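Engineer: The structure's right below; bear with me while I get my questions together.
The values are calculated or read from the model by the stated rules, or taken from the named source; none is laboratory data. As the structure is a prediction and not an experimental result, all values here were calculated from the model. Note: ideal-geometry Cβ built from the backbone for every residue, glycine included; neighbour counts use all protein chains shown. Just so you know, the surface numbers come from the protein's heavy atoms only, side chains and all, with ligands and any DNA or RNA stripped out. Shrake-Rupley method; radii C 1.70, N 1.55, O 1.52, S 1.80 Å.
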Amino acid sequence: MKLTILGGGGFRVPLVYEAVATGATGLHVDEIALQDVDPGRLRTISAVIEGMREQLVAQGRTARPPALTVTTDLREAVAGADFVFSAVRVGGAEARTVDERVALDLGLLGQETIGPGGLAYALRTLPVALDIARTVADAAPGAWVINFTNPAGIVTEAMRTVLGDRVVGICDTPIGLVRRVGRLLGVDLVGGERGADVDYVGLNHLGWLRSVSVDGQDRLPGLLADDAALEEIEEARLIGKDWVRADGALPNEYLYYYLHTSSAIERIVGSASTRGEFLAAQQGDFYGAAAEGSCCSSPLERWRSTLHEREATYMAESRDEERREEDVAGGGYQEVALRLMTAIATGRSERMILDVGNAPAGHEADPVSRRIVPELPADTVLEVLCTVDGDGVHPRPVAPVELGRLGLMSSLRAAERSILEAAVTGSRQAAWQGFSTHPLVSSPTLGARLLEGYIAGHPQIDALLTRR
């Protein structure tokens, strides 16, 4: 079995290799192919993985580690692949700093996937994602694509126009939330323990855990009423215990940016650097030192220490305290990816929260009642609990979505779809509409200024939008 990782020079790629090599799920992968447009980053991550492979063998944690191949050629990388893991970052961390600063300079939220920064990220990423989808369809038509490229919801939605149901989006934030709740209840909610069920619905980075059933009883109201229990749930601490109690649901941590926008902006502006600037500097130091051969005796150990710092400072602008160790280790997109691959390859049923179509591809004309959320278009990509097996991914039903949540989901995806139209057609008007109508902007004047700033700051966007 061959797994291809696009964006193979990315900092978190060794996590995927480790998860696959140790194979706790029993899935054996013969080859992992790394592809990246930056050969220097590929060399660095390859060195980290080689050190990891030696360590895993020495520790007896793997008997047959996957062979590692490296290339900058997309078609070569995906040819013959059974699974393609897409985690590309168009423009790198440096482009992310532009996404953040253009918005912040206008008094708006500057964040990677939330707000206008997320739309700018999507605008320069979507053409690349569509090219990836077309290449996979041609060179590896039987492959499953697991998309982690952000903004994962609209990127997955775009790729589905080419690959249909064989592309699935994943995110590590819902699994972290569900794991924290399960830990409190003493139930394996992630693994789908018998008698346990959850209702999670939303878009990527905009979702809610609305019920947690154990042996037929919804345990969520009891958790929401318990201050001590909420203190153990990172999302409740971030967003406010009183709010989650009033809302009757536990939100994805990214709802912080929608519910506490002014505070988030103040904290980001008051920090020494934005998150993108921090990562650009941190990872620049790591990759730069590795390229010079001066980083350390062990690239693997340097990588591990840098990774811990990165995870411990995640969403630091939203906290008044250091992140707890159990929360640093609470998620893991590599775990979701491996479980997804294993279920499809072996037929062993799994349950997990994934980004999937509101209706199966090709069934847009079916009755509205067959959609997961009937009020939304059939081709909308939602984030919901799914069962995965050898026949594919099967979304589970959800309870009716409340009007407020539905409205926020609709307005966000409408703005993202305008950005997708701009990415496909080169239309500046569509891009302007997307930036203007995002629920954290809601201003044609600010939308125009955002567009001007991103055109000036991103060569990819400037080139894309000169076509029309």
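Engineer: For the stretch 415-468, which positions are hydroxyl-bearing (Ser, Thr, Tyr) and under 20 Å from Thr97 (Cα atoms)?
Structural biologist: Going through the stretch 415-468, the residues hydroxyl-bearing (Ser, Thr, Tyr) turn out to be 418, 425, 427, 436-437, 442-443, 445, 454, 466.
Across the stretch 415-468, the qualifying residue is only Tyr454.
Engineer: Still on this structure: Consider only pairs whose beta carbons are under 6 Å apart and that are at least six residues apart or on different chains; among these, list those whose first residue lies in the stretch 24-38 and is surrounded by fewer than 20 Cβ atoms within 10 Å (Cβ to Cβ) and whose second residue is of a type in the set (D, E, K, R).
Structural biologist: Hits for this filter: Glu31/Lys2.
Engineer: Something else: Is it the case, given these coordinates, that Thr125 is of a type in the set (Ser, Thr, Tyr) and open to solvent by 10 Å² or more (accessible area, probe 1.4 Å)? Lay out the reasoning, then the answer.
Structural biologist: On the way: of a type in the set (Ser, Thr, Tyr): yes; open to solvent by 10 Å² or more (accessible area, probe 1.4 Å): no.
No, not satisfied.
Engineer: Using the structure shown, decide if Leu408 is crowded, with 18+ Cβ neighbours inside 10 Å, within 22 Å of Val155 (Cβ to Cβ) and under 22 Å from the mean Cα position of the chain (by Cα). So that I can check it myself, show each step before the final result.
Structural biologist: Details: crowded, with 18+ Cβ neighbours inside 10 Å: no; within 22 Å of Val155 (Cβ to Cβ): yes; under 22 Å from the mean Cα position of the chain (by Cα): yes.
In short, no.
Per-residue answers, yes or no, for (1) polar (S, T, N, Q); (2) open to solvent by less than 30 Å² (accessible area, probe 1.4 Å):
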| residue | (1), (2) |
| --- | --- |
| Ala415 | no, yes |
| Ser418 | yes, yes |
| Glu421 | no, no |
| Ala430 | no, yes |
| Thr437 | yes, no |
| Ser442 | yes, no |
| His458 | no, yes |
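Engineer: Could you tell me which of the residues Ala152, Ala139, Ala143 is in contact (Cβ under 8 Å) with a residue 40 or more places away in the chain and touching a Cys at 6+ places or on another chain (Cβ under 7 Å)? Can you show your working first?
Structural biologist: Details: Ala139 fails: touching a Cys at 6+ places or on another chain (Cβ under 7 Å); Ala143 fails: touching a Cys at 6+ places or on another chain (Cβ under 7 Å).
Only one candidate qualifies: Ala152.
Engineer: Among Val368, Val398, which is the only one that is at pLDDT below 95, open to solvent by 20 Å² or more (accessible area, probe 1.4 Å) and of a type in the set (A, V, I, L, M, F, W, C)? Explain how you work it out, then say what you get.
Structural biologist: Numbers: Val398 fails: at pLDDT below 95.
It is Val368.
Engineer: Is there a residue in the stretch 316-336 that is at pLDDT below 65, in a helix (DSSP H, G or I) and among the small types (Gly, Ala, Ser)? Explain how you work it out, then say what you get.
Structural biologist: Taking the stretch 316-336 as the starting set, the residues that turn out to be at pLDDT below 65 are 316-331.
Next, from what is left, pick out any that are in a helix (DSSP H, G or I): 316-318, 325-328.
This time we only want the ones that are among the small types (Gly, Ala, Ser), so: 316, 318.
Within the stretch 316-336, one or more residues are at pLDDT below 65, in a helix (DSSP H, G or I) and among the small types (Gly, Ala, Ser).
Engineer: Given the stretch 161-273, what helices (runs of 4 or more DSSP H) lie entirely inside it while holding 1 or more residues that are open to solvent by 10 Å² or more (accessible area, probe 1.4 Å), closer than 30 Å to Leu130 by Cα and at pLDDT 95 or above? Before you say what the answer is, go through the steps one by one.
Structural biologist: Values: elements: 173-185, 220-224, 227-231, 234-239, 241-247, 256-259, 261-270.
Qualifying helices (runs of 4 or more DSSP H): 256-259.
Engineer: Quick one: in the stretch 65-90, which of the residues that are in contact with a Lys or Arg (Cβ under 6 Å, 6 or more places away or on another chain) and open to solvent by 30 Å² or more (accessible area, probe 1.4 Å) is modelled with the lowest pLDDT?
Structural biologist: Initial filter on the stretch 65-90 (in contact with a Lys or Arg (Cβ under 6 Å, 6 or more places away or on another chain)): 65, 80-82, 90.
Now restrict to residues that are open to solvent by 30 Å² or more (accessible area, probe 1.4 Å): 65, 80, 82.
On the way: Pro65: 92, Gly80: 96, Asp82: 98.
Result: Pro65.
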